[in-house]
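Notes follow once the structure below has been shown.
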Amino acid sequence: MLTGYHIAVIGGDARQIELIRKLNEWGAAVYLAGFDQLNESFREAVDLDFDSKQVEQLDAIILPVPGTDGNGNIEGIFSNQLIQLKEEWLKKTPPHCQIFTGIANEHLHDLAESSNRKLIPLMDRDDVAIYNSIPTVEGTLMLVIQHTDFTIHGSRVTVLGLGRVGMSLARTFHHLGADVSVGVRTTSSAARVHEMGLVPFDMNRLDGRDMTCDILINTIPSQVVTPGIIKQLPSHALILDLASKPGGTDFRYADKRGIRALLAPGLPGIVAPKTAGRIIADVVSRLIQDHSRKENEA
Ligand code: NAP
């Protein structure tokens, strides 16, 4: 329960709708900015007045999953207003106020540091990233089905990376009957791929390796899907790049070769915003309560 906690939700997308709903349900006092086009939807929440005493009561600020841009601007699909997160404003919050974001760029890290407020990039946490990999995989399946004219079953699927997303992808495609190989860079990851009954290969030793496949899914946020790989793909192949922008694919080269290559960011928010919002709500709620328990014990 979050009774007695004051939480500001600033900007975001459909994921925030479920997040706000849960915060209200759990009894928090919720303040909203960047939701003016949804005014009627949250009768229990109030508008955040950046110049009022509300700010001095805040226990937490929840930013959208992408955080801010390089100037501190916060995007929200439910408002035309541009909201900028500023150091002077953050300093008006109580010192224990925590800032939650999905991911954080350098600007947001600097802003939190100069305001002396704790910043929590949720997507850096294993629990959030692993829960989030579930809707990510479902979104990937959706895109693969939409953009191919052959079954996943029996296809040759290459997954690059065996992190939180790569592991879930490799397992799911394997269970659907694909012939899955996984590109890794450590011997321990190679051992894990082998243990899963899949075929590992070393990303650092691609010279001479046959990279032919029907579906190539990249989760590595580095330029790894190079012309050397792309030119080995058959014309019907699909490249899906899930890595954070700008992805890890030479899209220009893929286009030149006539290979379909898609950068597919933010799948949880697209295919399952309710689940994705619930994942955020559960973790934020737990962290807010843990934080205040620790403060009380100190
Ligand atoms: P992660 O757990 O950190 O996994 C990243 C993987 O990439 C690890 O296996 C890592 O290898 C490998 N890697 C990193 N740099 C490499 C390099 N230079 N060469 C070879 N391998 C390298 O991250 P994640 O949670 O799985 O997320 C992966 C990416 O997907 C991130 O960019 C994330 O933002 C994005 N993402 C996208 C969506 C979407 O909807 N599109 C959803 C969730 C996440 P080691 O294990 O050896 O370090």
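What to note about this one:
- Subset of segment 38-70 (residues that are of a type in the set (S, T, N, Q) and touching a strand residue (DSSP E or B) at 6+ places or on another chain (Cβ under 7 Å)): Q54, Q57, T68
- Filter pass, L119 being without any contact (Cβ under 8 Å) to a residue 24 or more places away in the chain and either within 15 Å of the ligand (Cβ to nearest atom) or crowded, with 17+ Cβ neighbours inside 10 Å (or both): yes
- Taken together, E106, E75 contain a single residue that is at pLDDT below 95, among the acidic types (D, E) and either open to solvent by 30 Å² or more (accessible area, probe 1.4 Å) or out of contact with any helix residue (DSSP H, G or I) (no Cβ under 7 Å at 6 or more places or on another chain) (or both), which is E75.
- Looking across I61, I17, I7, one residue alone is within 17 Å of the chain's Cα centre (by Cα) and crowded, with 16+ Cβ neighbours inside 10 Å. It is I17.
- Residue count for segment 181-208 satisfying the condition of being open to solvent by less than 30 Å² (accessible area, probe 1.4 Å), within 12 Å of the ligand (Cβ to nearest atom) and part of a strand (DSSP E or B): 4.
- Subset of segment 122-142 [within 10 Å of the ligand (Cβ to nearest atom) and open to solvent by less than 60 Å² (accessible area, probe 1.4 Å)]: M123, V128, A129, N132, S133, P135, T136, V137, G139, T140
- You will find that of G277, G269, the residue that is in contact (Cβ under 8 Å) with a residue 12 or more places away in the chain, more than 14 Å from the ligand (Cβ to nearest atom), under 24 Å from the mean Cα position of the chain (by Cα) and assigned to a helix (DSSP H, G or I) is G277 and no other.
- Taken over segment 96-110, the criterion of being free of Cβ contacts under 8 Å to residues at least 40 places away in the same chain and either part of a helix (DSSP H, G or I) or more than 15 Å from the ligand (Cβ to nearest atom) (or both) is satisfied by C97, I99, E106, H107, H109, D110.
The values are calculated or read from the model by the stated rules, or taken from the named source; none is laboratory data. Quick caveat: nothing in here was measured; it's all calculated off a predicted structure. Reconstructed Cβ throughout: ideal geometry from the backbone, glycine too, with neighbour counts over all protein chains shown. Heads up: the accessible areas ignore ligands, DNA and RNA and are worked out on the full protein's heavy atoms, side chains in. Shrake-Rupley method; radii C 1.70, N 1.55, O 1.52, S 1.80 Å.
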